[in-house]
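Asks: Questions regarding the structure given below will be posed in turn.
The values are calculated or read from the model by the stated rules, or taken from the named source; none is laboratory data. Just so it is clear, the structure is predicted and the values come from calculations on it, not from any experiment. Quick reminder, even Gly has a Cβ in these numbers, built from the backbone with ideal geometry, and neighbours come from all protein chains shown. Each accessible area value is taken on the protein alone, full model and side chains, heavy atoms only, with ligands, DNA and RNA left out. Shrake-Rupley method; radii C 1.70, N 1.55, O 1.52, S 1.80 Å.
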Amino acid sequence: MVTGDWDIRILGNKNNKGVKFPLTNPQSLIMLNQENLRSTLLQLDGCGYKAYKDIKGSYQFSDFKLIIEHIQGDPFAAPSKFIVIIPQAIARFPDNLYQSSSREFALRDYLTRQFDPVAQEMSSYRGTGKSGLIAIARIGQEVLERTSAFINKNEIEVRFLVGLPARGRTILGRQAAQMLCDEIPEIVNRTLKYNSLNASEIQRHVETNEDADWIRKQLKEKGLVAFIANGSILPRRSGVDSRPLLENRVNFQSPETLEVEFNCPNQGVIKGLGIPTGITLIVGGGYHGKSTLLQALELGVYNHIFGDGREFVITNPAAVKIRAEDGRSVAGVDISPFINRLPQGRSTTQFSTENASGSTSQATNIIEALEVGAELLLVDEDTAATNFMIRDRRMQQLIAKDKEPITPFIDKVRQLYRDYDVSTILVMGGSGDYFDVADTVIAMENFQPHDVTEKAKLIARENTSDRMSEGGEKFGKITPRIPLAETIDPSRGRRAVKLKIRDIDEVAFGTEEIDLAAVEQIIDPAQLRAIASAIVYAKEMYLDNKRTIFEIIKRVMADIQAKGLDILTEFPQGDLASFRQFELASALNRLRTLKVNEDRES
Ligand code: ADP
Ligand code: MG
């Protein structure tokens, strides 16, 4: 039987740059079955590792189709890429579980979460290197769109990795047959069929995700930038364990004056604290939960799984965490709204450096976020540069303005809201000068929020700070930049594109390293992989030395939205996750080779 299967299928690929499987193996034109695969693998027992190339192809199993898409070169190399496709006639997921995109992303996330532990259970050390491994994308507390699983009314597609087993470079055919012909079917059986799964848990998972998206969409209409539901659990188990703290925790409860409610499609009414647009201060004594609240808000741009405690901590999707990041490189950013007259006549309208200071890096981080459409800035005094945040009356008297390049954030934060409609939430336990510029002041006390706005305003009236405001009446211009294509080079040696992801904070991009340790809203290595690929995609598709960074990034994001993350890679991959325009910009902006022109026409 001849099948055209090689270029139909692959749900994720809503047809992109012409992704096609190579039809080099004549066997791939014939639909082989599970027993053919088993006997081939048994025959390969004892052969050299390269002989595994023979099994590349598509196999009809009783319940699903197995596609062996890419075969590793040796047992230590990146594992082989596999895909299973299960028809809905067998998987039988009710279509209400994936009828909206919120539900669909949640269900795809759910399937990956089910597959993972069973694949781990099946994986065992079966020879050299990665021999015996069966693995899918590892997922944390957030629900992201991923390329590990897809679903539509016809079928389910799941992508995973297999370490084809060998001793040294000698194929272990019996073990391979067991993995591919017995274990993979068992994983499919247990994790990708509706009837083997917990129906009410799936329902809850998709409904939670849908309600969270729904609240996020309503925020603006209600004049809010963030919402924290009553009963939320904000603290995490530890700095390296993002599951909810179990013991001795205080659940979140809004003060009455700031309480709002949302009528959600699934859960009905959810009440909690609404943070209005404008400038919000979070104050309070040390160790009373200020940073924990801000961290929850940072991640409130993402949805969380049921039981996380933050499933209804919802932030404006254009919220960007801002911090000082000394040492970062900067390419031609106009930081003049904050910084002027640097020593040695250094330009601040096109500020470039290999090694930014605390204050210049923080100014850069703000301007770069604004450049790509940020609507809410999140700042924590713990990670901010003090001289960027405040300059009190006494210091103003000692160091005259013409000797101080920095206009502190306190003089710009209101203008930013007035001129550009950008709100700020600021953790500030250390300076009451900010009372003058705040719209809302929330005090954290023993991990509980209190509305102290009136009290803070009264104090500000009774004890004037006597500061002189600095930096003029207007926020100032946000100057768009045009990235120069030739300064973005992912090649290394003979390879046109060489990307390597080190955990969540570093990309090897060609011969360069991009350090993203300070970009706190990147939470998953799969996002980083997608971002690195997106820079390469942007260069191929849109960098023309005329378009601005924002124009380029908008186009990339629109393409992904329309066609899926698969457009970023040449072959379907299971290890990409969605990201925002801000994280893509962050990575591009931290590429040390980047050079830009100013957009003089705007
Ligand atoms: P701050 O920024 O006010 O100094 P943090 O937010 O860093 O305080 O919190 C201090 C500690 O208290 C952290 O270890 C954090 O995990 C814990 N914590 C925060 N919120 C809660 C809470 N609601 N219940 C219990 N512990 C919490
Ligand atoms: Mg803190």
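Asks: Using helices alone, what [θ] at 222 nm do you get for the chain, with -39,500 (n - 2.57) per DSSP H run of 4 or more residues, divided over all residues and rounded to the nearest 500? Walk me through the intermediate numbers first.
Replies: Numbers: 15 runs with 163 residues, N = 602.
Taken over the chain, the calculation gives -8000 deg cm²/dmol.
Asks: Assuming a ≥ b ≥ c are the square roots of the Cα gyration tensor eigenvalues, decide whether the stretch 218-288 counts as rounded (a/c under 1.5), prolate (otherwise, with a/b larger than b/c) or oblate. Walk me through the numbers before you get to the answer.
Replies: Working: a/c = 2.07, a/b = 1.38, b/c = 1.50.
Oblate, since a/c reaches 1.5 and b/c is not below a/b.
Asks: Could you quote the convex hull projected area for the chain, Cα atoms only and averaged over all directions, in nm²? Before the final figure, lay out each step's value.
Replies: Details: hull surface 115.9 nm².
For the chain, averaging the hull's shadow over all directions gives 29.0 nm².
Asks: Next question, about the same structure. Using a simple spin-label model with points 7 Å from Cα along the Cα→Cβ vector, what separation in nm is obtained for residue 403 and residue 419?
Replies: Roughly 2.7 nm, to one decimal.
Asks: Still on this structure, I have one more. At a Förster radius of 60 Å, what calculated FRET efficiency corresponds to the Cβ-Cβ distance of residue 461 and residue 238, to the nearest 0.05?
Replies: Details: r = 43 Å, r/R0 = 0.71.
Using R0 = 60 Å, I get an efficiency of 0.90.
Asks: Oh, and also: Which of the GluC sites (Glu not before Pro) found in the stretch 509-602 are loop residues per DSSP with 15 or fewer other Cβ atoms within 10 Å of their Cβ? Write down the numbers at each step before the final one.
Replies: Details: sites: 512, 513, 520, 540, 551, 570, 583, 598, 601; in loops: 520, 570, 601.
The qualifying sites are 570, 601.
Asks: Take the alpha-carbon centre of the stretch 342-357, take the same for the stretch 539-593, and report the distance between them in whole Å.
Replies: 28
Asks: If you count only protein heavy atoms with a 1.4 Å probe, what accessible area per residue comes out for the chain, rounded to a whole Å²? Please list the in-between numbers first.
Replies: Working: 25600 Å² over 602 residues.
Accessible area per residue, the chain: 43 Å².
Asks: Helix hunt in the chain: which complete DSSP H runs extend at least 18 Å axially by C-alpha with mean Kyte-Doolittle at least -0.5? Don't skip to the answer; put the middle values down first.
Replies: Values: long enough: 101-122 (32 Å, -0.76); 199-218 (29 Å, -1.48); 358-371 (20 Å, -0.07); 525-541 (24 Å, 0.52); 549-563 (21 Å, 0.51).
Once both thresholds are applied, what remains is 358-371, 525-541, 549-563.
Asks: The stretch 43-147: which trypsin sites (Lys or Arg not before Pro) are DSSP loop and have at most 12 other beta-carbon atoms within 10 angstrom?
Replies: Values: sites: 50, 53, 56, 65, 81, 92, 103, 108, 113, 126, 130, 138, 146; in loops: 56, 92, 126, 130, 138.
Sites meeting the loop and neighbour criteria: 92.
Asks: Would the stretch 485-589 count as rounded, prolate or oblate if I go by the C-alpha gyration tensor, calling it rounded below 1.5 in a/c and otherwise prolate when a/b exceeds b/c, oblate otherwise? Don't skip to the end; give the middle numbers.
Replies: Numbers: a/c = 1.21, a/b = 1.06, b/c = 1.14.
Because its axes are fairly even, with a/c under 1.5, the stretch 485-589 counts as rounded.
Asks: Only loop residues by DSSP count here, and only those with at most 12 other Cβ atoms within 10 Å; note down the chymotrypsin sites (Phe, Trp or Tyr not before Pro) in the stretch 340-411 that meet that.
Replies: Numbers: sites: 351, 388, 409; in loops: none.
Here no loop site has a sparse enough neighbourhood.
Asks: May I pose another question? Find the centroid of the Cα atoms in the stretch 186-206 and in the stretch 460-509, then give the distance between the two in whole Å.
Replies: Using only Cα atoms, the two centres lie 43 Å from each other.
Asks: Report, to the nearest whole %, how much of the accessible area of the chain belongs to carbon and sulfur atoms, 1.4 Å probe, protein only.
Replies: 49
Asks: Please work out the C-alpha center-to-center distance from the stretch 416-457 to the stretch 243-317 and express it in whole Å.
Replies: The distance from the Cα centre of the stretch 416-457 to that of the stretch 243-317 comes to 16 Å.
Asks: Let me ask something else. Can you tell me what share of the DSSP beta bridges in the chain is antiparallel? A percent to the nearest 5 is fine. Walk me through the numbers before you get to the answer.
Replies: On the way: 64 of 83 bridges.
Antiparallel bridges make up about 75 percent of those DSSP assigns within the chain.
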